[in-house]
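There's a structure below that I have some questions on.
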Amino acid sequence: MSHRVNFGFGRALDRRTFLRGTGAALALPWLSAMDRAFGDEARKEEAPRRFVAMTLGLGLHAENLNPSQAGRGFETSMYLRQLEDMREHYTVISGTSHPGVSGGHRAEASLLTAAPMSASAQSKNSISLDQLLAKHMGGKTRFPSIVLGLSGSNSPSYTENGAMIPAIDSPAALFTRLFIDDSPRERRKQAQRAREGQSVMDLVADDAKSLERQLGAGDRQRLDAYFTSVRELEHRLVESEAWVNKPKPKVDVTRPVDIGNPNDFVGRQRLMSDMVRLALSTDSSRYITLQLGGSGGVVPIPGVEEGYHNLSHHGLDEEKLAQLALVETEIVRAWGDFLRDLQTIDEPGGSLLDHTAVLLTSNLGNASSHDNRNMPVLVAGGGFRHGQHLAFDRKNNYPLPNLYLSLLQRLGLEREKFATSTGTMTGLEIA
């Protein structure tokens, strides 16, 4: 049973405490005192700028990815041969990482937030790059952002309060959400939920103020952050009500069939990438993340006999490295095909690729040793001047958040800093 807040001094709050008002109740977060979507038809922008981040859980073997020469005349590496025809549309970046971030796989949570983190110290996450864009610029589409994965709900997308946004891992479910109109009954339910969400904070305001007066400074900050996130959600609900009765875009594509084999990593990557392309081309969303992760089983590629995760812990074993190269070559090839698909879609002033910044990266620079330095980074499209290898110091890494700041500014969000950035990325210029 839930309880009304007891505001007496010296008494712990019940974990199931609710703030209450006339006709409303709002559950509280944990405190230490406790033990849209589809583009706006009324204001169509020409060539909106978009962002896609595809994130890997097991890195990319640096020796096969990064060219040995810096600059524009680099000799194509093993993996980049799959992108040779796209050379002028992407940049490879080496010698970068997030300052203050370590912890191996745990650092995956900081991949798009760049929040300092380690295996030994407790840390608080912050807002991810995609969610910052969605918060300030996502209101012109039916879905301010779309968060996807290949297997499970894990994602690199985090709210301002450091809460992970669960991923959609079914292309079929995503297709339904994007393109299949809801029933009249469901639309009425959505509208009612939106209307109810508009006033919940006002209804519990008196209770909230009474509680805040009895809390310490740390709890007041937590509560304020929580209330801010509730108000942001309410704002999105109000905005979403305008979309409830608008028809979804129609596409001449059949609903996809999800791939049953959980180890078909590249097949799943390609299928979900197709869904991302459809979401972008119909302006259903402009900010999308796809957590590619890393399969533990044997990827069905000729010549691959060991599990992908086991191969990533190669210990420089030649046979494992050879099999790993087969898997990672196909991952990069599939990413290249995604770029090519975007390039074939014409828009005013260029192609869909020209107007979409596409990032491929991982929190692991060396998966075999769980090293978070020297992260693999490829960035394509987005109106940048590409065709180069930006090679920074592999022993004293350049801050990758500088790239994130460059992306934010290019996408139209004027910021002077993102996380631990020291400025925009040196050498990355607008086309």
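The values are calculated or read from the model by the stated rules, or taken from the named source; none is laboratory data. This structure is a prediction, so every number in the text was calculated from the model and none was measured. Cβ sites come from the backbone with ideal geometry, for glycine too, and all protein chains shown count toward neighbours.
Scanning segment 365-404 for residues that are modelled with pLDDT under 95 and assigned to a strand (DSSP E or B), which turns out nearest to LEU353 (Cα to Cα)?
ASN366
Against the condition assigned by TED's automatic domain parsing to the domain that holds LEU278, surrounded by fewer than 24 Cβ atoms within 10 Å (Cβ to Cβ) and hydroxyl-bearing (Ser, Thr, Tyr), how does SER153 come out, does it pass?
Considered against the rule, which asks whether it is assigned by TED's automatic domain parsing to the domain that holds LEU278, surrounded by fewer than 24 Cβ atoms within 10 Å (Cβ to Cβ) and hydroxyl-bearing (Ser, Thr, Tyr), SER153 comes out as yes.
Given (1) in contact with a strand residue (DSSP E or B) (Cβ under 7 Å, 6 or more places away or on another chain); (2) β-branched (Val, Ile, Thr); (3) at pLDDT 95 or above, where does VAL5 come up short, assuming only one miss?
VAL5 satisfies every listed condition except (3).
Same structure, new question: Got a number for residues in segment 53-109 being assigned to a loop (DSSP other than H, G, I, E, B) and of a type in the set (A, V, I, L, M)?
Final tally of qualifying residues: 4.
One residue is enough: does segment 316-327 have a residue meeting the conditions surrounded by fewer than 23 Cβ atoms within 10 Å (Cβ to Cβ), basic (Lys, Arg) and assigned by TED's automatic domain parsing to the domain that holds ARG50?
Yes, because at least one residue in segment 316-327 is surrounded by fewer than 23 Cβ atoms within 10 Å (Cβ to Cβ), basic (Lys, Arg) and assigned by TED's automatic domain parsing to the domain that holds ARG50.
Take segment 110-125 and flag every residue that is assigned to a loop (DSSP other than H, G, I, E, B) and either of a type in the set (A, V, I, L, M) or within 18 Å of PHE418 (Cβ to Cβ) (or both).
LEU111, LEU112, THR113, ALA114, ALA115, PRO116, ALA119, ALA121, SER123, LYS124, ASN125
Here's something else I'd like to know. ASN310 is checked against (1) buried (at least 17 other Cβ atoms within 10 Å of the Cβ); (2) at pLDDT below 95 and fails just one. What number does that condition carry?
That leaves (1) as the condition not met.
Search segment 126-141 for residues being surrounded by fewer than 24 Cβ atoms within 10 Å (Cβ to Cβ) and part of a loop (DSSP other than H, G, I, E, B), and hand back the single one that is nearest to the chain's Cα centre (by Cα).
In this case the residue turns out to be ILE127.
If you check LEU413 against the conditions, is it of a type in the set (A, V, I, L, M), out of contact with any helix residue (DSSP H, G or I) (no Cβ under 7 Å at 6 or more places or on another chain) and crowded, with 17+ Cβ neighbours inside 10 Å?
no
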